[in-house]
Structures are given as structure tokens and as C-alpha cells.
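Reviewing the structure listed below.
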Amino acid sequence: MLALSEELARVDALLDDERFFAPFREKFSTHLGRPTVPVATYLRMMYLKRRYNLGYESLVKEVKDSFSWRRFCQLALNDPVPDASTLIKLTHKYGEATVQALNDALVLKLKEAKVIKGRKLRMDTMVTEANIHYPTDTGLLADGVRVVTRTVSKLRKAGAGIGKGFVNQTRKVKRICLGVSKLFRGRDDKSRAGLAQAQEQLIKIAKRVIAGGRSVKRQVEVLKEKPSWVGRLGDQLEGWLEVSEKIVEQAEQVVRGRVRIPRRVVSIFDTGARPIRRGKARTDTEFGRKILIGETDHGIITTHKVLEENPADARLLIPAVRGHRRLFRQRLKAVAADRGFYSKANEARLKESGVKQVSIPVRGKASRERRLEQKRSWFKRLQRFRAGSEGRISLLKRVFGLDRSLMRGSHGTEIWVGQGIFAHNLWQAARIM
């Protein structure tokens, strides 16, 4: 009952290395304040969380109830288990740079142990969805009204006449949204006319709420002495108002008939999330961020990057190779990717940098010489190696939580993706060592 499973014993041995404490010591070493959670305990609890897709509260409960998990996390039977809120704060405090340093330290450890050689690299892209509902113009307008009203309600507790004159419009918005949901049951011209009318009503209500929110913001600013929480709520209100104004503007463009809107806001809670439609048949639009994954032999991910917008894959090839070489220097001998990464310039740059075998199928109609090259045994072998990246992405999404980021914003997504990849590399290293 106290013995660790084979997997946890190997992961424990991997993490029992001084190099994994260096990123924390360099940035957060201090003799001031209260003692925090030991780094060794935090790292092991984060591995359990991502390995078994647990929430913070579920993780704390499971560690409390399991003798073997307590031993793995280096907690004695009478030691208190870190609280869920403490783990959340530490995750945000350490940030994405620390997670990146941990991934680099693990890859270098495997390289020094000669577990991986890093001579081959395959790459692909995936989408990690943001934790948002499906965006519609009516839904976004309703979200804007709701969060502005909620923030004003909190500010009213400060007294001093704050919020006077602000009218709560949430019940009216709910009735309109309920009517829209009923309209969607029909697909005729009458339902489309009713939808347009509902959008116009919501735009007018949102404008009134934004104007009321601006008035409340001015009331907060003129207060001479105010608690710190009132100032924070005032700044939060300003952010909600700015996003709501953008949503109203794009909703008005849709009503006027303009459907294609650059930099469209798809969520009031995660304004950096983008609609991404990958170039594959029968794929739905995903709302989140594009992720570049670079993987070497034995399935160890050596480089990854959370991307803004939806850049073409051909623009990502050289940065991925550069990220891999940051750890492996000049050992790279072969690169494999799908045809989306192909360009003559990319192929020429890789060969000039010493990559002997570049297995990337040409886009469009290939010349006779190119077809003969793509039929060579080394090219086909590397393409079979490349196909494994599809399975790796599926594993990352199903097991390690990279299908949807439960942390908001680009900063949160970078932490979420980095932690998932670190847990994956630990799990994979425990299997192959």
C-alpha cells in the first residue's frame, strides 16, 4: 500500500535532480515572508494533476487519501497537504518561463544520459481551445452586459453614491436571448428577421449599459480616499467596458451585412483567443490558440510554442528547428514534416545549415525529379516517422489536457501547455529509460 507504482518510482527518480530546482532558486529565492510549498512537493503534485487530469481540489483530496501519493509527493503522514488555492497561486507566480526552463532541464538530462540523441526532428501544429462558449453576437453582447452590471454591483458596496443612476438590464437581456433561442428552431426568413431585430435591441441595451458603466467609472475616479479593492474593481470595470465597446462595434458591422471582421473578439473573458480553421476536410472551426510541437526520437518533445493568430505552417519551420538546436546544437541530421511546412526557401536553409535529409512533400504538382526524390527509401522512412506526430498530438489532447486550456489568456495558455508537455515528457522518459 505504501509502495510506489513503477511509473511513479521512475518519475520520482527523474525529478530527484538538483537541476530541476535551479529555475526556482534563481528567480524566487528569498528569506522574507512565510515558508511556501517545497518545490519537490509542488512539482510532483503538478505531475499527478496533469497525468490524471485532476482539478486542484480533486488533486488535494486524492493526495490526502493515498499513502503512496503522499510518499511520491514527499509528504509525511502528519504533514498538511498544500491547499488548492495555494497551488493555483504558485502556478501563476512561477509562470511560463519557469515551466520552459523545467522542460529544457529534462531534455538536457535525457540527452546527457544518452537516452535521446536529437538527430531527427518531426513537427506539426495543433489547436488548444480556450475555455469559452461558442461565440455568437447575441451571446457576446449578453456577456458584456452581464459582467459590467456585476462589477457595478460590487462597486456599489463601497457606498459614497457609487452606481447611482445605473440601471440593471440583465433581465431584459435574458428575455431577448430566450426569444433568440426559440427563433433558431425555425430556419425561414421570418426567423432571420427576428434575429436581426433581437441583435439591434441588444446593441441598444449594451450601449446604455456601457454609458452607465462609464458614469460609474468617473464616480470611482473622483473618490479621494478609497479602499484598494475599489481601485482594483474600477480598473476591472474599465477593461470590461473596452471589450464590450469592441463587441458592440463588431455586432453593428454584422447587422450592416459585413461578416468578415479582422481581429474579431470571440470571448469577453479571453480576448486573445482566435477562430482557427485548419486546412483539413470536415473540420470545425476551433476557438483558441495554435501550438507548434517539435518532437525528436523516442517521442520526447524538445520545442513548443504558443502562437498568436494563425500563421502559415511554412513560417514556423525554421523557428522550430532553431528551438530544437538551442538544446542539441549541430546534431540535427534529418527533419520531417507535412506539406504545409514546405517552401523552397525553407528546404534550402535547412540544407545550408547542415541538415542532410529534409523530408517535406512539395505542395501542388511535383516535377519528375521531385517525384523520384520523394519515392526514395529515406524520404518514405522519414514520412513514416513524421506520421507519428499525429498520434502524439492525440495523446497530448486525450491524456495531458492539451485539448482545452483551463487557464485564461496567452500567459495562462503558455503555462497550461508547458505543464502538459513537461508531464508528458516525464511520463515518456519513465517508459523508455
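Counting only residues that are modelled with pLDDT of 90 or more, open to solvent by 20 Å² or more (accessible area, probe 1.4 Å) and of a type in the set (A, V, I, L, M), the range 211-228 holds 1 of them. Taking the criterion of being among the hydroxyl-bearing types (S, T, Y), open to solvent by 10 Å² or more (accessible area, probe 1.4 Å) and part of a helix (DSSP H, G or I), the residues of the range 123-156 that qualify are T138, S153.
Of all the residues in the range 42-79, those that are closer than 23 Å to A13 by Cα, outside any helix (DSSP H, G or I) and not charged (D, E, K, R) number 9.
Can you find a residue that is small (G, A, S) and out of contact with any strand residue (DSSP E or B) (no Cβ under 9 Å at 6 or more places or on another chain) anywhere in the range 324-338?
If we filter the range 324-338 for residues that are small (G, A, S), which is where we start, we get 334, 336-337.
Next cut, out of contact with any strand residue (DSSP E or B) (no Cβ under 9 Å at 6 or more places or on another chain) only: none.
Looking through the range 324-338, none of the residues is small (G, A, S) and out of contact with any strand residue (DSSP E or B) (no Cβ under 9 Å at 6 or more places or on another chain).
When G194, G159 are checked against the criterion of being of a type outside the set (A, V, I, L, M), loosely packed, with under 15 Cβ neighbours inside 10 Å and out of contact with any strand residue (DSSP E or B) (no Cβ under 7 Å at 6 or more places or on another chain), a single residue qualifies: G159. Taking L90, is it touching a residue at least 60 places away in the same chain (Cβ under 8 Å) and either under 16 Å from Q419 (Cβ atoms) or open to solvent by 40 Å² or more (accessible area, probe 1.4 Å) (or both)? So L90 fails the test.
Within the set G354, G412, G388, the sole residue that is under 18 Å from E295 (Cα atoms) and either within 30 Å of the chain's Cα centre (by Cα) or not polar (S, T, N, Q) (or both) turns out to be G388. In the range 271-284, which residue that is open to solvent by 50 Å² or more (accessible area, probe 1.4 Å) and among the small types (G, A, S) is modelled with the lowest pLDDT? So the residue we want is A281.
Being more than 24 Å from E6 (Cβ to Cβ), part of a loop (DSSP other than H, G, I, E, B) and either of a type in the set (D, E) or open to solvent by 20 Å² or more (accessible area, probe 1.4 Å) (or both) is a description that applies to R34.
Considering only residues that are open to solvent by 40 Å² or more (accessible area, probe 1.4 Å) and under 20 Å from E129 (Cα atoms), which ones fall in the range 286-330? Of everything in the range 286-330, those that are open to solvent by 40 Å² or more (accessible area, probe 1.4 Å) and under 20 Å from E129 (Cα atoms) turn out to be K305, E308, E309, N310, A312.
Only one of these is free of Cβ contacts under 8 Å to residues at least 40 places away in the same chain and either within 27 Å of I132 (Cβ to Cβ) or open to solvent by 60 Å² or more (accessible area, probe 1.4 Å) (or both): R408, R404, R384, R392. Name it.
Checking each option against the conditions leaves just R384.
Confirm whether K333 is surrounded by fewer than 19 Cβ atoms within 10 Å (Cβ to Cβ), of a type outside the set (A, V, I, L, M), under 29 Å from I432 (Cα atoms) and out of contact with any Cys (no Cβ under 7 Å at 6 or more places or on another chain). Show your work before the answer.
Details: surrounded by fewer than 19 Cβ atoms within 10 Å (Cβ to Cβ): yes; of a type outside the set (A, V, I, L, M): yes; under 29 Å from I432 (Cα atoms): yes; out of contact with any Cys (no Cβ under 7 Å at 6 or more places or on another chain): yes.
In short, yes.
Taken over the range 358-379, residues that are assigned to a helix (DSSP H, G or I), under 20 Å from G340 (Cβ atoms) and open to solvent by 100 Å² or more (accessible area, probe 1.4 Å) amount to 1. Looking only at residues in the range 256-270 that are surrounded by 11 or more Cβ atoms within 10 Å (Cβ to Cβ) and within 13 Å of E309 (Cβ to Cβ), the one that is modelled with the highest pLDDT is V266. For G118, the stated conditions do not hold, so it cannot be described as assigned to a helix (DSSP H, G or I) and open to solvent by less than 40 Å² (accessible area, probe 1.4 Å). Tell me whether the range 97-114 contains one or more residues that are within 25 Å of G288 (Cβ to Cβ), open to solvent by 10 Å² or more (accessible area, probe 1.4 Å) and basic (K, R). Within the range 97-114 (the criterion being within 25 Å of G288 (Cβ to Cβ), open to solvent by 10 Å² or more (accessible area, probe 1.4 Å) and basic (K, R)), the answer is no, since none of the residues qualifies.
The values are calculated or read from the model by the stated rules, or taken from the named source; none is laboratory data. These numbers were taken from a predicted model, which means no experiment stands behind them. All Cβ positions, even for glycine, are placed from backbone atoms using ideal geometry, and neighbour counts span all protein chains on display. Just the protein is used for accessible areas: all its heavy atoms, side chains included, with ligands, DNA and RNA removed. Shrake-Rupley method; radii C 1.70, N 1.55, O 1.52, S 1.80 Å.
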